[in-house]
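Student: Sharing a structure here in structure tokens format.
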């Protein structure tokens, strides 16, 4: 598992491959996505260009902020506003669409996710530079029905997940063990987003300047290393039953060698061709290795 600052799951930055969203209530957004609804993404309103957005936009105080009221009204029509201008939004959506499609075609999985909530953290108590780590990651699909209709986004088929890399970093580097999130808490629609944020806020309450901000962003994330790490951790005992893995862990051969065919000239008399599982051409030395492994040797 990559616990360095090279990992965007621990040190997330807004780039040309990300789309920050203006969302009034993250719990409503997650619930609506969990119910199978899709959204169209619109750029930041032009009259907001020079107007600082009040923090209440991100904290759900809808009735006291006209910007939050607008976002909530558009949300009801399944429209989301990005915190970027029109032309830039179009370019980024196209880039994400192509990257997500390529990932599915080449790897069978999408790397397109929506992040909900961000932990602001510091490497030391004296560090001046904050780092940002997403908390919840929702797999997304991006669809383009036609050039005129633009792009639609909706929740993908895979399950939403907590940023386990972040939890492991907090445990190893800061001794912060966050419990209660092994299974994500749920409500009547999907994940109980606010409960997740509350649990993390309580765990970091003693860390000065650390905070959980309620924001949303779409971007590309790869979990290939995490999947391997998770398999090794979750299936350690199962893997240890394999002689090869056990030998690697012990540093010595952990099985008894068998008497495999050691003379290439005896291959034809010892094994019938139909008994040798060899889908491609192989020379006699390779066949000896194949027959040896079929006998349990290595």
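Student: Within region 219-231, can one find any residue that is free of Cβ contacts under 8 Å to residues at least 12 places away in the same chain, surrounded by 12 or more Cβ atoms within 10 Å (Cβ to Cβ) and part of a helix (DSSP H, G or I)?
Tutor: yes
Student: Scan region 147-185 for residues that are farther than 26 Å from residue 96 by Cβ and either modelled with pLDDT under 90 or assigned to a loop (DSSP other than H, G, I, E, B) (or both) and report the count.
Tutor: Number satisfying all stated conditions: 10.
Student: Could you tell me which residue of region 186-218 is surrounded by the most Cβ atoms within 10 Å (Cβ to Cβ), considering only residues that are in contact with a helix residue (DSSP H, G or I) (Cβ under 7 Å, 6 or more places away or on another chain) and part of a helix (DSSP H, G or I)?
Tutor: So, considering only residues that are in contact with a helix residue (DSSP H, G or I) (Cβ under 7 Å, 6 or more places away or on another chain) and part of a helix (DSSP H, G or I), the one surrounded by the most Cβ atoms within 10 Å (Cβ to Cβ) is 193.
Residue-wise test of (1) over 27 Å from the mean Cα position of the chain (by Cα); (2) at pLDDT below 90; (3) assigned by TED's automatic domain parsing to the domain that holds residue 210; (4) surrounded by 11 or more Cβ atoms within 10 Å (Cβ to Cβ).
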residue	(1), (2), (3), (4)
57	no, yes, yes, yes
80	no, no, yes, yes
86	yes, yes, yes, yes
105	no, yes, yes, no
116	no, no, yes, yes
123	no, no, yes, yes
129	no, no, yes, no
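The values are calculated or read from the model by the stated rules, or taken from the named source; none is laboratory data. All of these numbers come straight from a predicted model, not from anything done at the bench. Using ideal geometry, Cβ is built from the backbone for each residue, glycine included, and neighbour counts are taken over all protein chains shown.
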